[in-house]
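Taking it in order: structure first as structure tokens, then the write-up.
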Amino acid sequence: MKVTQNIEELESISIKKLKEKIDSIKTELPKEEQKVITFSKNFTLSLSNYCQNQCGYCFYNQRIHKENNEQNVVLIKEDKINELIQTGIRYGCTEALLMSGEAPDNYEVVQKELEKRKYSDFLQFVKHLSEKLLDENLLPHTNIGLLTIGQLKSLKEINASMGLMIESTCESLSNPGGVHEYSPSKTPENRTRHIANAGKLKIPFTTGLLIGIGEKFQDRVSDLLLIKELHQKYGHIQEVIIQNFTNKIGIPYRPKKPISIEETLKTAGIARLIFRNESAVQVPPNLILNYEKEALEMGVNDFGGVSPFTLDYINPDHSWPKIDFLEKICKSNGYELRERLPIYEKYINKKDFCPENIKKTINNINQNVRSKKNS
Ligand code: SF4
């Protein structure tokens with residue numbers, strides 16, 4: 001009953017009142033942190049876009065015809081991996097985002113390619129790649145869809161952090177006509193179990209909402225509360241992303257009224273009220289372009305992974321803003337844009353959250369930065 005009342009209060013809260021509450025939450029931080037907004041300089045390795053689901057809003061999976069003649073990726077080629085790694089190093093990236101469709105090796109064509117390259121399954125390929133990235137002093141952050149606790153465990157040792165969006169646990173999205181009608185694995189139970197398992201394993205974790213996909217305001221708030229509950233239990237949610245759906249040509253989902261940036265940022269503000277200063281609140285800057293000031297006012301304190309050279313594969317029409325541009329906007333609003341690693345600072349020394357070989361890579365990265373500064 002109390003939760004319902006809270007949700008009603010949150011729905012009717014004015015933007016002015018929301019800003020006041022957010023400002024007061026920020027004052028609980030040390031002064032030097034109140035005006036800092038972080039980002040991670042990253043690049044994406046899109047490993048395979050074969051996916052066992054078909055979410056109505058997804059442009060990425062192999063069933064969607066790509067306008068720009070881009071080919072489906074059965075399994076990213078070795079020379080492409082090497083090229084991306086070298087470019088990432090040149091740009092000074094510290095994070096490599098490993099993404100794919102869910103369980104791509106359920107497809108024979110992917111399985112055959114794995115066999116040809118002497119991998120027993122897709123997980124083994126991801127593990128091999130994570131190790132290769134660590135050898136290059138790049139920190140892997142893997143988000144390849146649902147995994148079992150055993151699979152998560154085997155990736156923990158070689159990933160700085162991992163992620164899975166909860167998106168929305170609204171059950172009606174799986175009904176006929178809903179965006180998850182043809183996504184059998186996207187059940188609230190599966191998503192919640194995955195995030196809870198990551199918590200049990202002490203994996204620094206990124207999750208969040210995808211909004212504007214047919215859910216209601218109440219669903220968003222109850223999902224934020226669910227994430228908060230998981231975090232209170234396991235202490236592993238380092239950031240919560242509020243990602244707005246954007247229209248794309250060729251996908252089945254076409255809402256009559258796409259979610260506005262204002263509503264997206266109000267949701268981010270509510271996330272800040274719920275998470276206070278415990279977890280970062282992130283909006284992807286390429287999806288809220290020209291609303292950066294409003295995002296800062298709504299308590300957004302992270303712009304996530306920003307790539308100097310790879311696409312946002314989920315929203316390919318929305319290119320990443322330049323880091324200089326974000327820096328300027330932050331400065332003109334009295335904020336400092338600060339680079340972070342894919343594992344948030346407070347998790348590096350949090351007991352059992354950061355494996356030794358990840359710490360070693362972080363040290364190498366820090367030393368590189370230092371030697372560059374001193375040269
Ligand atoms: S959103 Fe993810 S799970 Fe859904 S179809 Fe796309 S790649 Fe697959």
(request) Could you tell me what fraction of 2.2 N^0.38 Å the Cα radius of gyration of region 48-97 comes to, as a two-decimal ratio? (result) 1.41
(request) Sort C170, C55 so that the residue with the fewest other Cβ atoms within 10 Å of its own Cβ comes first and the one with the most comes last. (result) C170, C55
(request) Over the alpha-carbon set of the chain, work out the extent along each principal axis and list the three values in angstrom, largest first. (result) 60, 59, 40
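Taking neighbour Cβ counts within 10 Å as the exposure measure, how do Y335, Y50 sort from fewest upward?
Placing the least packed residue first, the sequence is Y335, Y50.
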(request) With 26 Å as the limit, write out which pairs from K156/K360; K233/K351; K41/K132; K80/K350; K77/K127 have Cα-Cα distances beyond it, or answer none. (result) K80/K350
(request) Could you tell me which Cys residues in the chain have no other cysteine's Cβ under 4.7 Å from their own Cβ, answering none if every one has a partner? (result) C51, C93, C170, C330, C354
(message) Can you give me the long-range amide H partners of R338? Hydrogens built in the peptide plane at 1.01 Å from N, cutoff under 5 Å, separation of 5 or more residues or another chain.
(response) I37, T38, F39
(request) Work out, step by step, the length gained on full extension between L29 and K293: first 0.36 nm times the residue separation, then minus their alpha carbon distance; give nm to one decimal. (result) 93.0 nm
(request) Whole number please: convex hull volume per residue, Cα atoms of region 114-231, in Å³. (result) 120 Å³
(message) On a straight-distance basis, which lysines could pair with K35 in a cross-link, Cα separation under 18 angstrom, same-chain partners fewer than 8 positions away excluded?
(response) K19, K21, K26, K293, K328, K331, K346
(message) Counting C-alpha atoms alone, how compact is region 324-375: give Rg to one decimal and Dmax as a whole number, in angstrom.
(response) 14.5, 39
(message) Quick one: 3J(HN,Hα) in Hz for region 323-336, Karplus 6.51/-1.76/1.60 with θ = phi - 60°, rounded, Gly and Pro as x.
(response) 5, 4, 4, 5, 4, 4, 4, 4, 4, 5, 9, x, 10, 10
(message) If each residue of separation counts as 0.36 nm, what is the full-extension length gain between K80 and E262 once their alpha-carbon separation is subtracted?
(response) 61.7 nm
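Can you give the translational diffusion coefficient of region 75-120 in µm²/s, computed by Stokes-Einstein from the Kirkwood radius over Cα pairs at 37 °C and 0.692 mPa s? Intermediate values should be presented prior to the final figure.
Values: Rh = 12.3 Å.
Approximately 268 µm²/s, per Stokes-Einstein.
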(message) Straight-line reach only, C-alpha to C-alpha below 18 angstrom: list the aspartates and glutamates that K17 could link to, leaving out same-chain residues fewer than 8 apart.
(response) E8, E9, E28, E262, E263, E294, E297
(request) Assuming R0 = 22 Å, can you tell me the calculated FRET efficiency for the pair S174 and K16, based on Cβ-Cβ distance, to the nearest 0.05? (result) 0.05
(request) Subtracting the Cα-Cα distance from 0.36 nm times the residue separation, let me have the gained length for Q218 to F325 in nm, one decimal. (result) 35.0 nm
(request) Kindly state, to the nearest 0.05, the FRET efficiency for N357 paired with R193, given R0 = 41 Å and r defined as their beta-carbon distance. (result) 0.90
(request) Starting from the Cα of R254, step 7 Å along the direction of its Cβ; do the same at R276; then give the gap between the two resulting points in nm. (result) 4.7 nm
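Only the coordinates and a few stated rules stand behind these numbers; no lab work does. Just so it is clear, the model here is predicted, and its values are computed rather than measured. No Cβ is skipped: glycine too gets one built from the backbone with ideal geometry, and neighbour counts run over all protein chains shown.
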